[in-house]
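**Q** Provided herewith is a single structure, encoded as structure tokens, for subsequent inquiry.
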Amino acid sequence: MFGYIHPERPHMFVKDEMLYKALYCGMCKSIREGSGQMARTALTYDMAFMSALVHNIKADDVVIKKRRCALHPLKRRYMALPDETSVLLGCINTVLAYYKLLDDRLDGDKKGLFAFLYRRGYKKTVKKHPQVARIIADQLAEQAELEKAGCAVIDAACEPTAAMMKKLSAYILGDKSDAHTEGLFYDLGKWIYLADALDDYDKDVNKNRYNVLFNAYGKPTKAEAVALNGEEINFIFNSLFADMREHLASVKFHFNHDLTDNIILLGIPAKTRSLVYGKCGEGKKELKYEQTQS
């Protein structure tokens with residue numbers, strides 16, 4: 001994952017803040033259990049969100065206890081104990097991190113040198129969950145082909161990542177998977193790809209690397225692309241948010257879902273505004289996203 005999924009903290013209940021932190025710490029422990037110590041360095045808050053969402057849909061209640069960790073040895077912290085679901089999510093996180101760094105290495109990014117940190121965890125996942133590794137490898141190969149061809153169609157460029165999330169959700173959720181859960185994960189995958197393209201726009205242009213938004217709009221900076229194509233960009237995201245809300249309303253949750261509602265309905269649109277306009281421009285463009293709050 002890329003670390004773009006966050007809650008909107010001003011609208012967050014205290015209970016959800018505590019659960020969010022406990023799930024984050026729990027994912028760190030789960031990654032260690034499934035993929036080894038080094039793979040823990042790839043943890044992002046995206047996985048805390050995924051843990052909350054998947055456990056709720058699967059009706060797998062988490063067990064939260066006070067435990068110490070290597071980073072905070074003096075004070076015990078609340079954390080969700082590793083279970084089958086969280087360990088599986090940790091394995092998926094490790095494979096995604098491994099492939100991301102391999103891609104960085106091909107692009108000449110120095111971060112790619114750290115791919116070796118996740119090789120062992122990747123091999124463990126291939127052994128435990130070969131279907132997971134196959135889904136990720138196949139969809140990322142399709143993504144690479146589109147990027148190599150210089151695809152300038154935004155929906156087409158997003159498709160492999162969106163399809164990957166949809167297929168992974170079906171594997172993770174098993175008999176709890178349906179059209180709405182798959183649709184929600186598909187939308188999340190599409191949003192993650194677009195968020196990454198927005199975030200890396202200027203860097204990709206400067207380093208002459210593929211970026212679908214640059215290929216689509218042809219502007220040398222993100223600011224110019226947004227200034228001239230802001231309405232289209234808003235339409236793309238607003239349509240995506242509307243689809244997320246529709247699927248979310250039909251997903252069967254088994255526990256309180258205030259945390260995931262906050263992240264999907266408020267946090268993701270807020271992060272989008274920040275990526276499109278920058279923090280200083282959020283207030284000026286609030287009306288453009290008013291339908292995301294409805």
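**Q** Any idea of the accessible area per residue across the chain, 1.4 Å probe, to the nearest Å²? Let's see the in-between values first.
**A** Values: 14480 Å² over 294 residues.
That works out to 49 Å² for each residue.
**Q** Oh, and also: Can you tell which of 146, 216, 133 lies farthest toward the positive end of the dipole of the chain, using +1 and -1 charges on the Cβ of basic and acidic side chains (Lys, Arg; Asp, Glu)?
**A** Selected residue: 133.
**Q** Right, here's the next one. Pull up the cross-link candidates among the aspartates and glutamates for residue 65, meaning alpha carbon to alpha carbon under 20 Å and not fewer than 8 places away within one chain.
**A** Of all the aspartates and glutamates, those that pass the test against residue 65 - Cα under 20 Å, at least 8 places apart if same chain - are 16, 17, 33, 83, 84.
**Q** For the chain, what % of the accessible area comes from carbon and sulfur atoms, probe 1.4 Å?
**A** Numbers: 7870 of 14480 Å².
Its accessible area is 54 percent carbon and sulfur atoms.
**Q** How high is the FRET efficiency from residue 179 to residue 137, r the C-beta distance, R0 25 Å, rounded to 0.05? Walk me through the numbers on the way to the answer.
**A** Details: r = 25 Å, r/R0 = 1.01.
Efficiency computed from Cβ-Cβ geometry: 0.50.
**Q** Report the label-to-label distance for residue 152 and residue 119 in nanometres (one decimal), using points 7 Å from each Cα along the Cα→Cβ vector.
**A** 4.0
**Q** Let me spell out the model: positive unit charges on the Cβ of Lys and Arg, negative unit charges on the Cβ of Asp and Glu, origin at the Cα centre of the chain. What dipole size does that give, in debye rounded to 20? Don't skip to the answer; put the middle values down first.
**A** Values: 43 positive and 38 negative charges, 377 e Å.
Value, rounded to 20: 1820 debye.
**Q** When only C-alpha pairs under 8 Å and at least 6 residues apart count, what is the relative contact order of the chain, in percent? Mind showing how you got there, number by number?
**A** Working: 401 pairs, mean separation 61.0, N = 294.
Computed value for the chain: 21 percent relative contact order.
**Q** If the only charges are +1 at each Lys and Arg Cβ and -1 at each Asp and Glu Cβ, what is the size of the charge dipole of region 15-116 around the Cα centre, to the nearest 20 debye? It would help to have the intermediate numbers written out before the result.
**A** Values: 17 positive and 12 negative charges, 147 e Å.
Computed charge dipole of region 15-116: roughly 700 debye.
**Q** If I take every Cα pair under 8 Å that is 6 or more residues apart in region 76-136, average their sequence separation and divide by the length, what percent do I get for the relative contact order? Numbers along the way, then the final one.
**A** Values: 44 pairs, mean separation 19.3, N = 61.
That works out to 32 percent.
**Q** Given 25 °C and 0.890 mPa s, compute D for region 90-236 with the Stokes-Einstein relation, Rh being the Kirkwood radius over Cα pairs; round to the nearest whole µm²/s. Kindly include the intermediate steps, with their values, before the conclusion.
**A** On the way: Rh = 16.4 Å.
Value of D from the Cα-based Kirkwood radius: 150 µm²/s.
**Q** Would you work out if region 177-242 is rounded, prolate or oblate? Take a ≥ b ≥ c from the square roots of the eigenvalues of the alpha-carbon gyration tensor; rounded if a/c is under 1.5, else prolate when a/b is larger than b/c, oblate otherwise. Walk me through the numbers on the way to the answer.
**A** Working: a/c = 3.68, a/b = 1.83, b/c = 2.01.
Oblate.
**Q** Here is a follow-up. Binned at 10 Å from 0, what are the whole-percent values of the Cα-Cα distance distribution for region 43-137, short to long?
**A** Taking every Cα pair in region 43-137, the percentages come to 15, 36, 34, 14, 1.
**Q** Compute the length gained on full extension between residue 207 and residue 256: take 0.36 nm times their separation in residues and subtract their Cα-Cα distance, giving the result in nm to one decimal.
**A** Numbers: separation 49, 0.36 × 49 = 17.64 nm, distance 4.50 nm.
That pair, residue 207 and residue 256, stretches by 13.1 nm at full extension.
**Q** Once the Cα gyration tensor of region 11-65 is diagonalised, what are the square roots of 5 times its eigenvalues, in whole Å and ordered largest first, as equivalent ellipsoid semi-axes? Intermediate results must be reported in sequence, preceding the final value.
**A** On the way: eigenvalues 80, 34, 20 Å².
Ellipsoid half-lengths, sorted descending, are 20, 13, 10 Å.
**Q** Additional query: For residue 62, which sequence-distant residues (separation of 5 or more, or a different chain) have an amide H within less than 5 Å of its own amide H, given hydrogens modelled in the peptide plane?
**A** Those qualifying (amide H under 5 Å, at least 5 residues apart or on another chain) number zero.
**Q** Say each of residue 65 and residue 33 gets a label point 7 Å from the Cα, pointing the same way as Cα to Cβ; how far apart are those two points in nm?
**A** My value for the distance between the label points is 1.0 nm.
**Q** Distance between Cα centroids, region 68-132 to region 192-207: provide it in whole Å.
**A** Value for the Cα centre distance between the two parts: 23 Å.
**Q** Just name one of 31, 197, 172: the one whose Cα is farthest towards the positive end of the charge dipole of the chain (beta-carbon charges, Lys/Arg +1, Asp/Glu -1).
**A** 31
**Q** Write down Rg/Rh for region 149-275, rounded to two decimals, with Rg from the C-alpha atoms and Rh from the Kirkwood relation over Cα pairs. Write out the running numbers ahead of the final one.
**A** Working: Rg = 15.8 Å, Rh = 15.6 Å.
Using Cα coordinates only, the ratio equals 1.01.
**Q** Using the Karplus curve 6.51 cos²θ - 1.76 cosθ + 1.60 with θ = phi - 60°, what ³J(HN,Hα) values do you get for each residue of region 144-157, in whole Hz, with x for Gly and Pro?
**A** Values per residue, Gly and Pro as x: 5, 5, 5, 5, 5, 7, x, 3, 10, 9, 4, 4, 5, 5 Hz.
**Q** Where the Cα atoms of region 1-97 are projected onto their three principal axes, how long is each span, largest first, in whole Å?
**A** Extents along the principal axes: 34, 31, 26 Å.
**Q** Continuing with this model, one more query. Taking the convex hull of the Cα atoms, report for the chain its projected area averaged over all directions, in nm². Don't skip to the answer; put the middle values down first.
**A** Working: hull surface 59.9 nm².
So the mean shadow area of the Cα hull is 15.0 nm².
**Q** Express the Stokes-Einstein translational diffusion coefficient of region 133-217 in µm² s⁻¹, to the nearest whole number, given a Kirkwood radius over alpha-carbon pairs, 37 °C and a viscosity of 0.692 mPa s. Intermediate values should be presented prior to the final figure.
**A** Details: Rh = 13.4 Å.
Estimated diffusion coefficient is 245 µm²/s.
The values are calculated or read from the model by the stated rules, or taken from the named source; none is laboratory data. These numbers were taken from a predicted model, which means no experiment stands behind them. Quick reminder, even Gly has a Cβ in these numbers, built from the backbone with ideal geometry, and neighbours come from all protein chains shown. Each accessible area value is taken on the protein alone, full model and side chains, heavy atoms only, with ligands, DNA and RNA left out. Shrake-Rupley method; radii C 1.70, N 1.55, O 1.52, S 1.80 Å.
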